[in-house]
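*Asks:* What follows is a structure written as structure tokens; I'll ask about it next.
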Amino acid sequence: MEGRLNRPPPGKVEPAAALSEQIRSQAIHIPSIESVDLGGLLSRIGDSRLVLLGEASHGTAEFYEMRARITRELIEKKGFHFVAVEADWPDAAQIDHFVRETRKEPTQELTFSRFPTWMWANRQVANFVQWLRHHNRQADTGDQAVGFFGLDLYSLYSSINAIIGYLEQVDTEAAAVARERYGCLTPWEKDPATYGRVALTRQQLSCEQDVVAMLNMLMQKRLEYSAHDGRRFLDAVSNARLVKNAEHFYRSMYDGSVKSWNLRDQHMFDTLESLLDFHGPDSKAIVWAHNSHLGNAEATEMGSRGEINVGSLCRQRFGETAYLIGFGTHQGTVAAASDWGAPMEVKNIVPSTPDSYERLCHDAGLNAFFLPLRHGEKNLVKELQRPRLERAIGVIYRPETEIASHYFIASLSRQFDEYIWFDKTRAVDALGPEAGKGMPETFPFGL
């Protein structure tokens, strides 16, 4: 994650050692992920409608395991209705079928086969998915089963195929129209980014009108289609919305990173809102995504660049009924690649840099803890508003350019309502193409 590193303004600053000691005194120790009592956290979450569970990397086992533990208790003790994750809609739909047991015939479709496969095809997620399937078997009706949905927009062609497959079963004439309209994008299936560049240089007319018309056609037949099966229509229209936004996203990639970032996070937020609408006015959602998507962008240098994210949009739309939880670590190992599309590696995490929030937490001397921020001690919360460096590791990790590539300025207690710390962490256990010897190759159906 690149970003300009503006140092905090001068002023009276609490010495780092004293601040770490304050963190230690206010931290709630986590003896282990499975044994820790989450009663206090659930009390602080209160009646929140949305709980956003972040991660400081896309490849750290403890982040996934703690999110799963918290999610299980939110479902069992507070009646949350669905989980929405930073994953492609069609892939997550396969998991949704699995956990709700709604597919009548087995499928050979690969799930989470696009880079980075390990982000969702890992043992930690698989364990949660199996738990959710078991939990849903206790539901009285299918509508009471907890769903699993994807928010991201990279699945352009998988979504097109899903729409056409749906229409072939409910409206063959509309399916023929869909094939013709989406045919505009077919030549670019292997490299949709090339479509964006070609459309931008006007070597080819944009496919925008075709994909918008297709979404409008589905919406016009909303009552007719949803009368047969509301969930299948939700899937189809969500894929159509994704195709429209993905087409715009690939064209925007060459207009600058801020515009493409904002389009992506706006799509994820809009998808989340549509899921809440579908599940009803009393529905409650849990979101899993990177800290950079779920922490309030207005409290980071992202906001100063004009970037929005799911966290800032949730704060604007849902206010205090959205509870934002961030995660962090000091050192250990992480699953990541050196370049986009490169093989996954298990890499050593460079110990956190001085002047960072991570170093403050490390120096607190606890192996793992919760740090309440919305409900925290006022003096500490005020000190943690002071801008400092914060680390973000995505699917790419470049330790050789650690500071320039993976640190940005943030105000921690404005960014999150709670912070969860694991001092030393380990890489996720990958499945699928990245699996080690003895691991199943399909997910979740090969488990």
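The values are calculated or read from the model by the stated rules, or taken from the named source; none is laboratory data. Every value quoted in this text rests on a predicted model; they were computed, and no experiment measured them. Cβ coordinates were reconstructed from backbone atoms using ideal geometry, including for glycine residues, and neighbour counts include every protein chain displayed. Just so you know, the surface numbers come from the protein's heavy atoms only, side chains and all, with ligands and any DNA or RNA stripped out. Shrake-Rupley method; radii C 1.70, N 1.55, O 1.52, S 1.80 Å.
*Asks:* Looking at this structure, is Ser352 free of Cβ contacts under 8 Å to residues at least 40 places away in the same chain and in contact with an Asp or Glu (Cβ under 9 Å, 6 or more places away or on another chain)?
*Replies:* Numbers: free of Cβ contacts under 8 Å to residues at least 40 places away in the same chain: yes; in contact with an Asp or Glu (Cβ under 9 Å, 6 or more places away or on another chain): yes.
Yes, satisfied.
*Asks:* Every residue in the stretch 340-398 that is acidic (Asp, Glu) and either part of a helix (DSSP H, G or I) or surrounded by 21 or more Cβ atoms within 10 Å (Cβ to Cβ) (or both), please. Explain how you work it out, then say what you get.
*Replies:* From the stretch 340-398, those acidic (Asp, Glu) are 345, 355, 358, 363, 377, 383, 390; that's our starting set.
Passing the criteria: Glu358, Asp363, Glu383, Glu390.
*Asks:* Taking interchain pairs and intrachain pairs at least six residues apart, which have beta carbon atoms under 7 angstrom, with the first residue in the stretch 244-262 and more than 18 Å from Asn161 (Cα to Cα) and free of Cβ contacts under 8 Å to residues at least 24 places away in the same chain and the second in a helix (DSSP H, G or I) and among the polar types (S, T, N, Q)?
*Replies:* Listed by first residue and then by second, the contacts come to Lys259/Ser252; Ser260/Ser252.
*Asks:* Among the residues of the stretch 339-386, which ones are over 19 Å from Glu62 (Cα atoms) and basic (Lys, Arg)?
*Replies:* Arg374, Lys378, Lys382, Arg386
*Asks:* Now, a different point. Which one of Met302, Met268 is within 13 Å of Leu151 (Cβ to Cβ) and part of a helix (DSSP H, G or I)?
*Replies:* Met268
*Asks:* When you scan the stretch 297-317, do you find a residue that is open to solvent by 10 Å² or more (accessible area, probe 1.4 Å), under 28 Å from Gly46 (Cβ atoms), at pLDDT 95 or above and of a type in the set (Ser, Thr, Tyr), even just one?
*Replies:* yes
*Asks:* Quick check on this structure: which one of Val237, Val243, Val258 is assigned to a helix (DSSP H, G or I), surrounded by fewer than 16 Cβ atoms within 10 Å (Cβ to Cβ) and under 24 Å from the mean Cα position of the chain (by Cα)?
*Replies:* Val258
*Asks:* Please determine, by comparing only the residues of the stretch 162-201 that are farther than 27 Å from Leu276 by Cβ and touching a residue at least 60 places away in the same chain (Cβ under 8 Å), which one is surrounded by the fewest Cβ atoms within 10 Å (Cβ to Cβ).
*Replies:* Filtering first and then ranking leaves Ala193.
*Asks:* Show the residue pairs meeting these rules: Cβ distance below 8 Å; 6+ apart or different chains; first residue within the stretch 222-234 and on the phi < 0 side of the Ramachandran plot; second residue among the acidic types (Asp, Glu) and buried (at least 16 other Cβ atoms within 10 Å of the Cβ).
*Replies:* Tyr225/Asp171
*Asks:* Would the stretch 403-414 turn up any residue that is aromatic (Phe, Trp, Tyr), at pLDDT 95 or above and in a strand (DSSP E or B)?
*Replies:* For the stretch 403-414, residues aromatic (Phe, Trp, Tyr), at pLDDT 95 or above and in a strand (DSSP E or B): present.
*Asks:* Do we find a residue being over 19 Å from the mean Cα position of the chain (by Cα), open to solvent by 40 Å² or more (accessible area, probe 1.4 Å) and closer than 19 Å to Gly319 by Cα anywhere in the stretch 264-276?
*Replies:* The first filter runs over the stretch 264-276 and keeps only residues over 19 Å from the mean Cα position of the chain (by Cα), leaving none.
No, because not a single residue in the stretch 264-276 is over 19 Å from the mean Cα position of the chain (by Cα), open to solvent by 40 Å² or more (accessible area, probe 1.4 Å) and closer than 19 Å to Gly319 by Cα.
Here is a yes/no grid of residues against (1) open to solvent by less than 10 Å² (accessible area, probe 1.4 Å); (2) without any contact (Cβ under 8 Å) to a residue 12 or more places away in the chain; (3) in contact with a Leu (Cβ under 7 Å, 6 or more places away or on another chain); (4) in a strand (DSSP E or B):
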| residue | (1), (2), (3), (4) |
| --- | --- |
| Gln22 | no, no, yes, no |
| Ser43 | no, yes, no, no |
| Phe63 | yes, no, no, no |
| Ala93 | no, no, no, no |
| His97 | no, yes, no, no |
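*Asks:* Right, something else. Taking the options Gln138, Gln209, name whichever one is under 21 Å from Val83 (Cα atoms) and open to solvent by 30 Å² or more (accessible area, probe 1.4 Å). Can you show your working first?
*Replies:* On the way: Gln209 fails: under 21 Å from Val83 (Cα atoms).
Just a single option satisfies the conditions, and that option is Gln138.
*Asks:* Additional query: Do the conditions hold for Ile409, that is, is it among the hydrophobic types (A, V, I, L, M, F, W, C) and open to solvent by 10 Å² or more (accessible area, probe 1.4 Å)? If you could, list the steps in order and put the result at the bottom.
*Replies:* Details: among the hydrophobic types (A, V, I, L, M, F, W, C): yes; open to solvent by 10 Å² or more (accessible area, probe 1.4 Å): yes.
Yes; evaluated as a whole, the condition is true for this residue.
*Asks:* Right, something else. Listed residues Pro192, Pro187; which is more than 30 Å from Glu298 (Cβ to Cβ), at pLDDT below 90 and under 23 Å from the mean Cα position of the chain (by Cα)?
*Replies:* On inspection, the qualifying residue turns out to be Pro192.
*Asks:* Checking the conditions here, which among Ser159, Ser155, Ser113 is small (Gly, Ala, Ser), open to solvent by 30 Å² or more (accessible area, probe 1.4 Å) and in contact (Cβ under 8 Å) with a residue 24 or more places away in the chain?
*Replies:* Ser113
*Asks:* Another question, then. Only one of (1) assigned to a helix (DSSP H, G or I); (2) of a type outside the set (D, E, K, R); (3) in contact with a strand residue (DSSP E or B) (Cβ under 6 Å, 6 or more places away or on another chain) fails for Leu263. Which number is that?
*Replies:* (3)
*Asks:* Name the residue that is nearest to Ser238 (Cα to Cα), counting only residues in the stretch 74-89 that are open to solvent by 20 Å² or more (accessible area, probe 1.4 Å) and touching a helix residue (DSSP H, G or I) at 6+ places or on another chain (Cβ under 7 Å).
*Replies:* His81
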